[in-house]
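The values are calculated or read from the model by the stated rules, or taken from the named source; none is laboratory data. Please read these numbers as outputs of a predicted model, since none were measured by experiment. Note that we place each Cβ from the backbone using ideal geometry, even for glycine, and neighbour counts take in every protein chain shown.
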Amino acid sequence: MSRDWMNLYGGDSFAIKAAEHELKGAMAYLDCRIDSLNTPLMALIRYRGYAIIAQSFLPIDSSTIVYGTSDTGVTIHHSSPEIAEKIKLAAQMLNLKEHKVWNQSHTTCAIFHTAVDVEGHKGKDGQFYILDTARVYPPA
């Protein structure tokens with residue numbers, strides 16, 4: 001359920017907005033139709049002022065991340081040229097510019113075509129998955 005229980009968004013209404021952006025970002029990558037770049041099956045359910053994102057299980061875990069960060073930039077993953085090329089192609093279609101990203105301790109730098117918290121995983125089935133897509137586009 002989209003609730004701001006950690007006070008990250010400034011209120012529940014903004015958490016709902018982030019859930020909407022998550023779906024919008026996933027749909028943008030899905031619309032690019034890049035071979036083997038997948039998004040989770042996802043639905044946004046709105047009911048009586050609440051929003052819930054229902055999402056399929058993926059064959060991934062914390063060891064399968066190869067692009068982005070899952071720990072607010074402490075560790076930057078950029079270990080798969082194959083997914084980086086797929087994301088670069090999608091970024092060109094989405095008019096997203098590349099940029100340099102440093103980890104929190106400024107010891108690692110990489111070129112990204114997404115927000116750094118967008119995660120790319122090489123699933124245990126050999127497919128690439130992109131998730132945490134709420135920041136694909138600027139907030140509106």
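Filtered by the rule that a residue be of a type in the set (A, V, I, L, M, F, W, C) and within 29 Å of SER56 (Cα to Cα), segment 94-114 gives LEU94, LEU96, PHE112. Considering segment 62-76, and only residues there that are free of Cβ contacts under 8 Å to residues at least 24 places away in the same chain and under 15 Å from the mean Cα position of the chain (by Cα), the residue that is nearest to VAL116 (Cα to Cα) turns out to be ASP71. Taking the conditions exactly as written (modelled with pLDDT of 95 or more and not aliphatic (A, V, I, L, M)), does SER80 satisfy them or not? Criteria met by SER80. Here segment 1-46 is the region considered, the condition is being more than 29 Å from LYS122 (Cβ to Cβ) and in contact with a helix residue (DSSP H, G or I) (Cβ under 6 Å, 6 or more places away or on another chain), and the residue that is modelled with the lowest pLDDT is ASP4.
Looking only at residues that are of a type in the set (Phe, Trp, Tyr) and farther than 30 Å from LYS122 by Cβ in segment 47-57, which one is modelled with the highest pLDDT? Spell out how you get there, then give the answer.
To start, the set of residues in segment 47-57 that are of a type in the set (Phe, Trp, Tyr) comprises 47, 50, 57.
Checking the rest, the ones that are also farther than 30 Å from LYS122 by Cβ come to 47, 50.
On the way: TYR47: 88, TYR50: 81.
Of everything passing the filter in segment 47-57, TYR47 is modelled with the highest pLDDT.
Of all residues in segment 92-109, count the ones that are small (Gly, Ala, Ser) and touching a helix residue (DSSP H, G or I) at 6+ places or on another chain (Cβ under 9 Å). Talk me through it step by step, then tell me what you get.
Within segment 92-109, the first condition is being small (Gly, Ala, Ser), and the residues that meet it are 105.
Next, from what is left, pick out any that are touching a helix residue (DSSP H, G or I) at 6+ places or on another chain (Cβ under 9 Å): none.
Here the count works out to 0.
With respect to (1) at pLDDT below 95; (2) over 25 Å from PHE14 (Cα atoms); (3) not in a strand (DSSP E or B), the lone exception for ALA110 is condition (3). Within segment 68-97, restricting attention to residues that are closer than 20 Å to ALA134 by Cβ and touching a Lys or Arg at 6+ places or on another chain (Cβ under 8 Å), which residue is surrounded by the fewest Cβ atoms within 10 Å (Cβ to Cβ)? Per the criteria, the residue is ALA91. Counting the residues of segment 81-115 that are β-branched (Val, Ile, Thr) and out of contact with any His (no Cβ under 9 Å at 6 or more places or on another chain) gives 2. Go through segment 19-63 and report how many residues are among the hydroxyl-bearing types (Ser, Thr, Tyr), assigned to a loop (DSSP other than H, G, I, E, B) and crowded, with 17+ Cβ neighbours inside 10 Å. Residues flagged as among the hydroxyl-bearing types (Ser, Thr, Tyr), assigned to a loop (DSSP other than H, G, I, E, B) and crowded, with 17+ Cβ neighbours inside 10 Å within segment 19-63 amount to 1.
Name the single residue that is nearest to GLU20 (Cα to Cα) among those in segment 116-128 being out of contact with any helix residue (DSSP H, G or I) (no Cβ under 9 Å at 6 or more places or on another chain) and not charged (D, E, K, R). Spell out the reasoning first.
First, pick out the residues of segment 116-128 that are out of contact with any helix residue (DSSP H, G or I) (no Cβ under 9 Å at 6 or more places or on another chain): 116-117, 119, 123-127.
Those left that are additionally not charged (D, E, K, R): 116, 123, 126-127.
On the way: VAL116: 19, GLY123: 25, GLY126: 29, GLN127: 25 Å.
Restricting to residues being out of contact with any helix residue (DSSP H, G or I) (no Cβ under 9 Å at 6 or more places or on another chain) and not charged (D, E, K, R), the top hit is VAL116.
Under the condition of being modelled with pLDDT under 95 and either over 15 Å from SER62 (Cα atoms) or more than 12 Å from the chain's Cα centre (by Cα) (or both), the residues counted in segment 115-125 number 2.
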